[in-house]
1. Which order do 40, 45 fall in if you start with the one that has the fewest other Cβ atoms within 10 Å?
2. Between rounded, prolate and oblate, where does segment 7-52 land on the alpha carbon gyration tensor, with a ≥ b ≥ c its root eigenvalues, rounded for a/c under 1.5, else prolate if a/b exceeds b/c?
3. Using 7 Å Cα-to-Cβ label points, what is the residue 42/residue 25 separation (nm, one decimal)?
4. Please give the contour-minus-distance gain from residue 8 to residue 57: 0.36 nm per residue of separation, less the Cα-Cα distance, rounded to one decimal in nm.
Amino acid sequence: MTRDPAELTASDYLDGAREMASANRSFLAHLLAEEAARLTADPATAAGIRASFPAPATTREEDQPTCPPATTSTP
C-alpha cells in the first residue's frame, strides 16, 4: 500500500529501518533511522535511534575476481 510520505511518522521510518537492517541493507536502514530521529521530539530518543543504526562504512569491499597477470610474447 502506497502512502503519502508527508503522513509517515517516526515509527513508520523506524519500522522501515528495522526491515532494511534485517535485509542487510545497512545504508538504507541508516537513512530511514536518520529520518525517524529527525521526526522525534525527544533528543535522547533521537540519539538512541541514531546509535541503533550507525552510518556504515562508505567504502564497499566486494570480492574482486582475480585474473592471472597479463603475459606478453615477444617474437
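What follows draws every value from the coordinates through simple rules; no lab data is involved. Everything numeric here is computed off the predicted structure, so don't read it as measured data. For neighbour counting, all protein chains shown are included, and Cβ atoms are generated from backbone atoms with ideal geometry for every residue, glycine included.
1. Ordered from fewest to most neighbouring Cβ atoms within 10 Å, 40, 45 come out as 45, 40.
2. Oblate, since a/c reaches 1.5 and b/c is not below a/b.
3. 2.9
4. Between residue 8 and residue 57, full extension yields an extra 14.9 nm.
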